[in-house]
Amino acid sequence: MKGLIIKDFINLKKSLKMFLIISVFYFFMAINTDNPYFFTSMLTVLLAITTVSLFAYDDMAKWDVFALTMPLDRRKIIQARYLTMLLLTLSGAALSAVLTVIISLYLKNDLSAEEFINIGYGSSAIIVILSTIIPFVIKMGVERARLIFVALYIVPFMIIMLVKKMVEKQDLAIPDWIKNLAGYAMKNLYIILPLTVLLVLLVSYSISVSIYKKKDL
Amino acid sequence: MLNKDYKTTVKDAIAIRNLTKRYKDFTLDNISFNVPKGTIMGFVGENGAGKTTTIKAILNLIHTDAGEITVLGYDSKRLPPEVKAKIGVVLDGSNIHDNLTARDTNLIMKNIYPNWDESCFMKYLNRFKLPEKKTIKEFSRGMKMKLSISIALSHNSQLLILDEPTSGLDPMVRDEILDIFLEFIQNEEHTILLSSHIISDIEKIADYVTFIHEGRIVFSESKDNLIYQYGLLHCRKEEVNDIDKAYIAGIRESSFGAEVMIRNRDEFQRKYKGYNLDKTSLEEIMLFISRGRR
């Protein structure tokens, strides 16, 4: 399985170089803006999202057919891909954190824990997003899954915006229980968030394995 | 149909019984054949006859509708990893990412195959004159094939499963590759299943030949037996009607007369004393069966 992860990282070599260049570029942008930490978690997201390209690379090379003739089973192949995804997210988070520190040192700002918590939120969000999209990618390939991706994220977003607008327009009051629940969730986010991420990750992984086991290659 | 009742024994590196796989427009229909250990089995048939589907079923890459396959004595659906590690596979294409190099491939395989033999792999790269640092994108088709074969041979494989390893290659490269296979088979424990539509390659190296046509096995036989069992009859068109249809594998007619491919040659000659049969070749037998009239 280590071999599969090595394969993924070698395939990303070129993109990873690009990320270092983007980081340097970003550093100079950041020190010239009012809100230098605003985009730090964006780096994590950008790096993590390359996981999807890995599926495209494997498809292009028809790698999976070959990999399954090796001493690997289908579960191992999915495991390796999820591990690569987590490794990419972690490296993205680490890169963002380092950049945050460098920027604050350079600007002689005081570092607050909030910057790092934000990186944590960004990483959690991208893991959840990738966990929802990966089973679709395995089922229908990268190209078609892209449409699902759009539908999954843009459509609910638009519905929420619409509801929000309607609520504002008609001056409806948000019921207290929703407010209370939201307040409670926000207070305990440090525990709810990791648990949610873990749960989503596990569910996504088992769905992916069962889809992949049924697939004819 | 010959060989429907093969007994599965451990003497066979691969044993397929009653394998069926249905697609919308194609069916692999109840096929059975064995690949005896220590031999080269040529698996022939035109494009689309079912060769790749069969190979994918052997490798458990597709789900089958019926039938059983054993590979090196194990159910193909439940091959232990250490047994899989002893199987070298070459598929139609290199199946390795374009932006990797031969050296990257070595690093990856070293971390996948517990029995990876790095020095052996380097030896093959040298022998095939494959550059270590060039990306596979820059490789010719022949070079890609040679890389795949180097991988297949570098983890102490006992069984090679090769899907069209010589197609699209020039005769010199094909010959070089076939020589490697003949070297591999010197060890009695080693076995090769080689699919190809290039019959001359099969004629050159195979001990056994399995012929698949439209999803069915037409014959699975030792090559020498096969050439001995068939014979070509030249006769007048009217004479064809006098021959028992059971002996006819295929008929080709021209303005000069008819050519009939006769099976069960000995029996035929005992029954029809007046006819002389000519020797034939693997290629002719297959052409008569797949293209001739019956």
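What the table shows:
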read-out: Filtered residues of the stretch B:83-105 (kept if facing chain A (nearest Cβ under 7 Å) and either of a type in the set (S, T, Y) or assigned to a helix (DSSP H, G or I) (or both)); value: B:K84, B:D104
read-out: Test set (1) within 14 Å of chain A (Cβ to nearest Cβ); (2) outside any helix (DSSP H, G or I); (3) among the hydrophobic types (A, V, I, L, M, F, W, C); (4) under 26 Å from A:F9 (Cβ atoms) - B:L147 fails condition number; value: (2)
read-out: Counted residues, the stretch B:56-69 - those being over 17 Å from the mean Cα position of the chain (by Cα) and more than 9 Å from chain A (Cβ to nearest Cβ); value: 5
read-out: In the stretch A:84-100, residue nearest to the other protein chains (Cβ to nearest Cβ) [restricted to those that are surrounded by fewer than 22 Cβ atoms within 10 Å (Cβ to Cβ) and within 14 Å of A:I126 (Cα to Cα)]; value: A:T84
read-out: Subset of the stretch A:50-65 [under 18 Å from B:T52 (Cα atoms) and among the acidic types (D, E)]; value: A:D64
read-out: Some residue of the stretch A:77-96 being over 23 Å from B:T101 (Cβ atoms) and β-branched (V, I, T); value: yes
read-out: Residues located in the stretch B:106-139, provided they are surrounded by fewer than 16 Cβ atoms within 10 Å (Cβ to Cβ), within 11 Å of another protein chain (Cβ to nearest Cβ) and of a type in the set (D, E, K, R); value: B:K137
read-out: Helices (runs of 4 or more DSSP H) wholly inside the stretch A:101-217 containing at least 2 residues that are within 14 Å of chain B (Cβ to nearest Cβ); value: A:189-214
read-out: Among (1) more than 13 Å from the chain's Cα centre (by Cα); (2) assigned by TED's automatic domain parsing to the domain that holds B:L19, the one test that B:G250 misses; value: (2)
read-out: Enumeration of residues in the stretch A:39-80 that are away from chain B (no Cβ under 14 Å) and at pLDDT 95 or above; value: A:I78
read-out: Selected residue [closer than 30 Å to B:G168 by Cα, assigned to a helix (DSSP H, G or I) and of a type in the set (S, T, N, Q)] from B:N241, B:N225; value: B:N225
read-out: Only listed residue being in contact (Cβ under 8 Å) with a residue 12 or more places away in the chain and in the same structural domain as B:I55 (by TED's automatic domain parsing), chosen from B:L125, B:L107; value: B:L125
read-out: Any hit, the stretch A:175-198, residues being surrounded by 11 or more Cβ atoms within 10 Å (Cβ to Cβ), more than 24 Å from the chain's Cα centre (by Cα) and among the charged types (D, E, K, R); value: yes
read-out: Residues within the stretch B:18-55 that are over 17 Å from the mean Cα position of the chain (by Cα), away from chain A (no Cβ under 14 Å) and outside any loop (DSSP other than H, G, I, E, B), tallied; value: 5
read-out: Exclusive hit being within 25 Å of the chain's Cα centre (by Cα) and surrounded by 15 or more Cβ atoms within 10 Å (Cβ to Cβ), set B:V240, B:V260, B:V218; value: B:V218
read-out: Qualifying position, being surrounded by 11 or more Cβ atoms within 10 Å (Cβ to Cβ), over 18 Å from A:M85 (Cβ atoms) and within 26 Å of the chain's Cα centre (by Cα), among A:I126, A:I134, A:I117; value: A:I117
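Results for (1) farther than 25 Å from B:L107 by Cβ; (2) in a helix (DSSP H, G or I), shown as yes or no for each residue.
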site	(1), (2)
B:I151	no, yes
B:H155	no, no
B:L162	no, no
B:S167	yes, no
B:R174	yes, yes
B:F181	yes, yes
B:L193	yes, no
B:D201	yes, yes
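The rows are residues; the columns are (1) outside the structural domain of B:V90 (by TED's automatic domain parsing); (2) free of Cβ contacts under 8 Å to residues at least 12 places away in the same chain; (3) surrounded by fewer than 22 Cβ atoms within 10 Å (Cβ to Cβ).
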site: B:I16; (1), (2), (3): no, no, no
site: B:D25; (1), (2), (3): no, yes, yes
site: B:N47; (1), (2), (3): no, no, yes
site: B:A57; (1), (2), (3): no, no, no
site: B:G67; (1), (2), (3): no, no, yes
site: B:D75; (1), (2), (3): no, yes, yes
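The values are calculated or read from the model by the stated rules, or taken from the named source; none is laboratory data. Every value quoted in this text rests on a predicted model; they were computed, and no experiment measured them. Positions of Cβ are backbone-derived with ideal geometry, glycine not excepted, and every protein chain shown enters the neighbour counts.
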